[in-house]
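The structure appears below as structure tokens.
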Amino acid sequence: MRGNLRTATAAAALQVGTIGLFVAVCAFFALMSPTFLLPANLLNILRQTAILAVLSFGMTTVIVVTSGEADMSVGGVTGFAAALTVTLLKLGAGTALAVLSGLGAGLALGFLNGLLVTRVGLLPFLATLATLNIGLGLEQWLTRGTYIPYSDPLIGLVANENIYGVPAAAVLLLFVFLAFYLLLDHSPWGRKVYAIGGNWQVARASGIDVARHTTLAFALSGLSCGLAGVLLVGRLSGLTPLAASPLLLDTLLAGYISGTVSSSGTPNVAGALFGALLVGVLTNGLAVIRVPTFYMNLVKGLLVLLVVTANAIQRRQAAVR
Amino acid sequence: MRSTTTATAKEKTAPRPERTAWRLRGWSFLTEFGTLLAFLALCLALALLSPAFLTLNNFLTILRQVSILAIISLGMTLVMTTGGIDLSVGEAADAGALLSISLLSAGLGTLPAVLGGLAGGLLLGAFNGFLVGFLGVMPFLATLGTHTMAMSMEMVYTQGGLPIYPLGLLPESFNFLGRGWVGPVPFPVLILGGVLVLYYLILHRSAFGRRVYAVGGNAEAARFSGIDVRLVRFKSYLLAGLTAALAGVILASRISSGQPLAGESFLLDSIAASFMGMTLSREGKPSVLGTLFGACFLGVVLNGMTLLNVVFYLQTLIKGGLLLGVLALASYARTRRN
């Protein structure tokens with residue numbers, strides 16, 4: 001009983017700490033730069049964070065279902081989806097076909113991840129590491145390693161323009177958020193995913209098809225990579241090879257922050273949105289106060305270690321209980 | 001924590017009943033000798049396709065290239081045997097290279113410079129070991145954090161990625177590490193031999209090695225039988241960092257400079273080499289000799305792609321596919337054991 005209370009207190013402390021960190025980060029940048037709090041910049045953060053947030057929802061699904069493992073293939077799958085989209089656009093295929101192909105490419109590689117984990121029996125991070133390189137290879141093969149410029153009016157509109165003063169990307173993000181929120185937190189399928197993550201043996205014993213729903217969770221993460229890839233083509237008005245690769249760290253960060261900010265220690269979709277915004281603010285703020293990119297990674301790497309260490313300690317406490 | 005996730009992955013794939021005994025024999029033959037056959041087939045194909053492949057000169061080139069990868073892979077294998085992974089081996093190698101060249105430029109002798117380089121790797125390894133062993137962070141996340149931070153520090157140290165060239169001539173003794181010859185044998189190959197013997201003794205002939213296998217097999221059971229799991233993990237990451245830094249020093253000597261981020265390419269290759277070694281063992285367990293074979297296999301693949309002028313954007317794809325195949329084979333060998 002006392003152990004229970006201690007775990008709950010630790011979780012609450014972690015929650016308050018994470019939210020406090022967000023406030024502190026915002027306050028710091030607001031003090032350091034007069035431009036940070038301008039509405040234009042805040043809207044810009046929303047626009048920049050949309051891709052990351054979409055990815056974090058998929059990552060969160062994988063973290064939940066595998067009970068703490070991750071999808072390492074984010075950079076490669078997103079890159080391949082973007083490369084396929086831009087290649088098809090370049091070849092004269094319509095926007096609809098190109099977008100659907102990008103989404104399909106993400107879904108296919110995500111499905112491959114799922115099969116490798118559930119049917120072949122690979123550890124999730126190894127399976128997704130292999131897929132990462134397949135995706136990167138396909139991306140480099142399609143782009144031949146050089147920048148492909150192409151601006152599609154519709155994709156560009158969604159990724160970069162405003163609708164009535166609000167970034168279209170933010171509106172899209174809201175819809176994707178709602179879809180993931182309903183799917184993961186308020187649907188029978190979502191309850192199965194949480195059940196598998198909580199204890200897969202119990203889940204199997206109660207009749208849940210563990211392999212099938214785990215595969216679907218990985219496929220969903222792949223699909224969110226596909227969407228992120230399409231948005232990336234809009235953001236970059238084409239595609240720079242390997243532009244998606246740095247997203248892995250940010251996505252992992254957002255996914256695990258989601259765990260520290262939820263009361264149970266298990267990530268959820270709202271927490272992922274919070275995590276993505278925190279990382280988005282950090283990235284934007286560091287750029288606004290002109291910190292070079294390589295220092296930025298130092299900060300993010302440190303943050304990753306902080307978050308996953310807190311997570312590990314929390315888990316161990318829960319296990320001791 | 002790790003052991004339960006390993007069990008998850010294993011259990012989720014309920015072994016499918018084989019239909020016929022004939023099929024079973026075919027499969028186990030393929031998984032046991034598949035990589036070996038693939039290696040022989042690859043060598044044969046390369047010998048037919050490229051006249052340059054079967055020359056003594058090329059053979060020595062492959063050996064020299066392989067020696068650096070193999071040394072890093074041995075450290076990776078040790079960490080993998082505990083059930084973990086080290087995503088920061090590339091940065092440990094870079095630490096060895098950048099620090100040793102910098103120290104030489106500062107006027108230090110070969111021995112202190114090399115020791116300084118090794119200390120850099122040791123430090124990264126200790127950091128990983130502390131996170132994984134004592135704080136209980138999942139290995140791939142802990143070492144990813146180290147990887148990111150170390151890479152960032154490298155960029156800061158080299159002012160955004162400028163190679164570090166030595167001031168003046170490097171001492172002959174340092175040059176010898178990566179470029180020397182002892183009779184017909186390149187010196188890096190001799191270093192590899194030494195490291196190989198050491199790792200063989202550590203992993204297969206010592207009490208520590210048995211503990212490492214025990215921790216990797218079932219950490220919980222190891223703990224109950226009185227093994228200090230935390231210390232075993234800590235020491236393994238420490239050794240992996242040190243070993244990778246040694247490889248970095250050899251690399252620096254070979255190219256007479258410190259190239260930032262040069263080590264990153266070894267990460268995937270060293271993982272693949274370790275897994276390739278696992279496919280050779282009957283139980284799908286990592287081993288020192290298996291890893292040496294894996295490194296040679298990869299060396300031949302990389303050499304072959306260069307000889308046949310495979311464009312770089314296809315090389316990633318080929319390596320990714322190869323890794324996937326090897327992972328699947330190793331995993332099949334492991335499920336067969338159970």
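In the protein assembly as shown, helices alone account for a calculated mean residue ellipticity at 222 nm of -26000 deg cm²/dmol, with every DSSP H run of four or more residues adding -39,500 (n - 2.57).
Show me A:216-229, B:250-263 ranked by packing, highest mean number of other Cβ atoms within 10 Å first. Walk me through the numbers before you get to the answer.
On the way: A:216-229: 28.6, B:250-263: 22.1.
By packing density, highest mean first, the sequence is A:216-229, B:250-263.
Counting charges near B:Leu60 (Lys, Arg +1; Asp, Glu -1) among other residues having Cβ under 15 Å from its Cβ returns a value of +3.
Highest GNM mean-square fluctuation among A:Asn311, A:Asn160, A:Asn199, for chain A modelled with Cα contacts below 10 Å: A:Asn199. Restricting to Cα pairs below 8 Å that are 6+ residues apart, what does the relative contact order work out to for segment A:48-176? Please round to a whole percent. The value is 31 percent.
Where a ≥ b ≥ c are the square roots of the eigenvalues of the C-alpha gyration tensor, would you call segment B:184-338 rounded, which needs a/c under 1.5, or, failing that, prolate if a/b is larger than b/c, or oblate? It comes out oblate by the Cα gyration axes.
Rounded to the nearest 20, the size of the Cβ-charge dipole of chain B about its Cα centre is 1220 debye, with Lys and Arg at +1 and Asp and Glu at -1. Its relative contact order, with pairs defined as Cα atoms under 8 Å and 6+ residues apart, puts chain A at 33 percent.
First measure r as the distance between the Cβ atoms of A:Ile19 and B:His204, then evaluate 1/(1 + (r/R0)^6) with R0 = 51 Å and state the FRET efficiency to the nearest 0.05.
On the way: r = 51 Å, r/R0 = 1.00.
Between A:Ile19 and B:His204 the formula returns 0.50.
As a length-normalised measure over Cα pairs under 8 Å and 6 or more apart, the relative contact order of chain B settles at 31 percent. With a 10 Å cut-off around each Cβ of A:302-309, the average count of Cβ atoms from other chains is 6.
Proximity of backbone amide H atoms, modeled 1.01 Å from N, is registered between A:Asn162 and A:Ala168 at under 5 Å, excluding neighbours fewer than 5 places apart on the same chain.
Hey, got the average number of other protein chain Cβ atoms within 10 angstrom for residues in B:125-131?
Numbers: counts 0, 0, 1, 0, 0, 0, 4.
Mean inter-chain Cβ contacts per residue within 10 Å come to 1.
Compute the Cα gyration tensor for segment B:34-337, then decide on rounded, prolate or oblate, letting a ≥ b ≥ c be the square roots of its eigenvalues: rounded whenever a/c is under 1.5, prolate when a/b is larger than b/c in the other cases, and oblate in all that remain. Taking the square roots of the gyration eigenvalues as a ≥ b ≥ c, segment B:34-337 is oblate.
The shape of the protein assembly as shown comes out rounded: with a ≥ b ≥ c from the C-alpha gyration tensor, a/c is under 1.5. Note on B:308-314: average number of Cβ atoms from other chains within 10 Å of each residue's Cβ is 3.
Roughly speaking, what is the centre-to-centre gap between segment A:220-274 and segment B:77-114 when only Cα atoms are used, to the nearest Å? About 32 Å separates the Cα centre of segment A:220-274 from the one of segment B:77-114.
Order these peptides, B:110-122, A:27-39, by their mean beta-carbon neighbour count within 10 angstrom, highest first. It would help to have the intermediate numbers written out before the result.
Details: B:110-122: 21.4, A:27-39: 13.3.
Packing order, densest peptide first, comes out as B:110-122, A:27-39.
Among A:Gly94, A:Gly234, A:Gly280, which one moves the most in a GNM of chain A with springs linking Cα atoms closer than 10 Å? Among A:Gly94, A:Gly234, A:Gly280, the largest mean-square fluctuation in the Gaussian network model of chain A belongs to A:Gly94.
For A:Lys192, what charge total do you get from the other residues with a beta carbon under 13 Å from its beta carbon, if Lys and Arg give +1 and Asp and Glu give -1? Let's see the in-between values first.
Details: positive: A:Arg191, A:Arg204, A:Arg212; negative: A:Asp185, A:Asp209.
In short, +1.
Taking label positions 7 Å along the Cα-Cβ direction at both A:Ile163 and B:Leu54, the computed distance is 6.7 nm, reported to one decimal. Within the listed set A:Pro267, A:Pro188, A:Pro241, the residue fluctuating most in the Gaussian network model of chain A (springs between alpha-carbon atoms under 10 angstrom) is A:Pro188. For A:Leu239, the residues 5 or more places off, or on other chains, whose built amide H falls under 5 Å of its own are A:Ile148, A:Tyr150. Ordering B:Ile250, B:Val288, B:Val156 by Cα displacement along the dipole of segment B:34-337 toward the positive end leaves B:Val288 in first place; charges were set at the Cβ atoms of Lys, Arg (+1) and Asp, Glu (-1).
Here, each number is a calculation from the coordinates, and none is a lab measurement. This structure is a prediction, so every number in the text was calculated from the model and none was measured. As a convention, Cβ positions derive from the backbone with ideal geometry for all residues, glycine included, and neighbour counts pool all protein chains shown.
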